[in-house]
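**Student:** Attaching a single structure in structure tokens format; questions to follow.
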Amino acid sequence: MIPKGAHMKYFLVISFIFLTGCVTASNQRSAHNHAISGQIAQENGNWDDARKHWAKAVVNAQLADMNYKSLSIAYYEYGRSLGATCFFTESEKYLNLALNIDKKRNGPAHMTILELARLHASQSNLAKAVTYYEQLPAIYKERYYLEQRDPHGTGIVWEEYSEALRILGKNEQAEQYNQKAIVLKAKSSSSNSEITPYGKFCTNH
């Protein structure tokens, strides 16, 4: 079952079946099954269940010595699920694990950079959020051409960046990205990209 949004870094089903090396079969199977269950829970808005399944996917992926792409997916999705359920410190840890892998292996690091920006913005840590947002324009433009491929989704990102800059008093730069957001969002009425609901599904820690 492939998600309707664009948040999955790769197609999970394909990645967990075909991108693993020589692994322990039972751990590989368990990692795959928990990844699918975590994915479904996210799609259904059950982020606490998603967190629990992704935790098990991570453990089993590590035990199975799955390859870097599978580990990156597991860390990324576990990080998102942790953040949605207000385990913010742990969320940052696992998102950074995913980011480190993607930077070393030339993976889609921009997705994790955006998640880290949104994670910090959700906690009103805007100075930290901006250190991530400011990395995105060059990557979006020079590598992924996202302003052309997903104008509405990119417009939302620039809108978030603009608001963070405005609150920090960087008004000229904020207005620059606000205008970019307006132009891009006018080109398309929707985006396939999902926004992680950081801090919206807090559990009793």
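The values are calculated or read from the model by the stated rules, or taken from the named source; none is laboratory data. In this text, all values refer to a predicted model and were calculated from it rather than measured experimentally. Reconstructed Cβ throughout: ideal geometry from the backbone, glycine too, with neighbour counts over all protein chains shown. Remember, those area values only see protein heavy atoms, side chains included, never the ligands or the DNA or RNA. Shrake-Rupley method; radii C 1.70, N 1.55, O 1.52, S 1.80 Å.
**Student:** Please give the FRET efficiency for A186 paired with D65, using the beta carbon to beta carbon distance and R0 = 41 Å, rounded to the nearest 0.05. Intermediate results must be reported in sequence, preceding the final value.
**Tutor:** Details: r = 48 Å, r/R0 = 1.18.
The formula returns an efficiency of 0.25 here.
**Student:** DSSP loop chymotrypsin sites (Phe, Trp or Tyr not before Pro) in the stretch 137-205 with at most 12 other Cβ atoms within 10 Å of their Cβ, which ones? Working shown, then result.
**Tutor:** Numbers: sites: Y140, Y144, Y145, W158, Y161, Y177, Y198, F201; in loops: Y145, Y198, F201.
Filter output for the stretch 137-205: Y145.
**Student:** Give me the 1.4 Å probe accessible area per residue for the chain, excluding ligands and nucleic acids, in Å². Numbers along the way, then the final one.
**Tutor:** Working: 10180 Å² over 205 residues.
For the chain, the solvent-accessible area averages 50 Å² per residue.
**Student:** Roll a 1.4 angstrom probe over the protein heavy atoms and tell me the percent of accessible area of the chain that is carbon or sulfur. Working shown, then result.
**Tutor:** On the way: 5140 of 10180 Å².
It is 51 percent, rounded to a whole number.
**Student:** In whole percent, what relative contact order does the stretch 101-148 give with Cα contacts below 8 Å and a gap of six or more residues?
**Tutor:** Values: 32 pairs, mean separation 13.8, N = 48.
Relative contact order for the stretch 101-148 comes out at 29 percent.
**Student:** With the Cα gyration tensor of the stretch 41-91 in hand, convert its eigenvalues to equivalent ellipsoid semi-axes via √(5λ) and list them largest first in whole Å. Each step should come with its number before you reach the end.
**Tutor:** Working: eigenvalues 73, 25, 15 Å².
Equivalent ellipsoid semi-axes, largest first: 19, 11, 9 Å.
**Student:** Moving on to the next point. Restricting to Cα pairs below 8 Å that are 6+ residues apart, what does the relative contact order work out to for the stretch 135-205? Please round to a whole percent.
**Tutor:** Values: 60 pairs, mean separation 23.3, N = 71.
Reported relative contact order: 33 percent.
**Student:** Just from its helices, what would the mean residue ellipticity at 222 nm be for the chain, if runs of 4 or more DSSP H residues each count -39500 (n - 2.57) and the sum is divided by every residue, rounded to the nearest 500 deg cm²/dmol? Could you put the intermediate results ahead of the total?
**Tutor:** On the way: 11 runs with 142 residues, N = 205.
After summing the helix terms and dividing by residue count, I get -22000 deg cm²/dmol.
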